[in-house]
Amino acid sequence: PAAMRPGYRAGGIRRTRGIRRASAGLRPVRAGALLVLLAGIGVTWGLASSDVFTIRDTTIDGATWTAEDAILSALAIPVDANAFTLGTVELADRVGEIPAIAAVSVRVQLPGTVRVAVTERRALLVWRVGTQRFLVDADGVLFASLGAEPPEAAAKLPVIIDARTASIALDVGQHLDPVTLDAALRLGSLTPVDVGSEARSLVLRLDDQVGYAMRTRPASWTAIFGFYTPTLRTTDIIPGQVRLLRSLLAGREAQVRQVILADDHSGTYIPRDTPEPTKQPKGSGG
């Protein structure tokens, strides 16, 4: 019979060596890693349950228009909150829902302080509707309401008196239309010097009868700028209207009662009534 190759039995079946598998028992390295993991879990649980890391203080930076009480209310941090279990992302999202807040960051400083840094919208105007006063930003958002004691920064902002009937419904979070906002920013930025006036200040009003009207303080003359639209009578005529107003006031401001600015080239003024001479008292000499 033919010689058989090593490793084969008769019938063509190959013999193979048995495979020895490693023991499922813990090796020293695995055991050490498990002990470290268990120790870490124990430390974390200990920190999370320790009174040492209970939140005891909250600091707020960057808030001018937003009351700190409003921010604390939005945070709604539980009295027994622990520094290691507090979700700062969720806290930032809550504060970010306040209309006046443009950006916010929240971080925890051990052992128990929450630090909140906010960036507010930039106020450009005070929009007055009746007794309500709203702050307006560059996007036309009425993002905050001024209380009885507003921050000092509010005194430097132009004030627009909105006497339109529909404006009674305005509230925080709503927007002004772009044309109304653009006209208010252009006209609200004017000073007495810009129009050639000797008045102490200017007051800008918007109503349903004449549109935008400007008067002096103390009261002297009134200038009717009118209504503006996106196409037919745009706010681009305002610089020309200002130049026209200045020319009409030049040398005669004390005699002017009202100025009507039809556009940037056409305008007229109504003089003050000339008082009639007083009658001479009876019995006086001469």
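Remark: region 84-92, residue by residue, has Karplus-estimated 3J(HN,Hα) of 8, 10, 7, x, 5, 5, 5, 4, 5 Hz, where x stands for each Gly or Pro and the curve is 6.51 cos²θ - 1.76 cosθ + 1.60 at θ = phi - 60°. With viscosity 1.002 mPa s and temperature 20 °C, the Kirkwood radius over alpha carbon pairs of region 171-232 converts through Stokes-Einstein to a diffusion coefficient of 168 µm²/s. All other residues whose Cβ lies under 15 angstrom from that of V256 are scored, Lys and Arg at +1 and Asp and Glu at -1, for a net of +2. Computed extension length for R233-R217: 3.0 nm, one decimal, from 0.36 nm per residue of separation with the Cα-Cα distance subtracted. Here's how it looks for L124: its modeled amide H is under 5 Å from those of V136, D137, which are all 5 or more places away or on a different chain. Largest to smallest in accessible area, the residues L244, L135 fall in the order L244, L135 (1.4 Å probe, all protein chains included). Among residues other than V210 with Cβ under 15 Å from its Cβ, the summed charge is +1 (Lys and Arg +1, Asp and Glu -1).
The values are calculated or read from the model by the stated rules, or taken from the named source; none is laboratory data. This one's a predicted model, so the numbers in the text were calculated from it and none came from an experiment. Positions of Cβ are generated from backbone atoms using ideal geometry, with glycine treated the same way; all protein chains shown enter the neighbour counts. The protein model used for the area step is the full one, side chains on, heavy atoms only, and it has no ligands, DNA or RNA in it. Shrake-Rupley method; radii C 1.70, N 1.55, O 1.52, S 1.80 Å.
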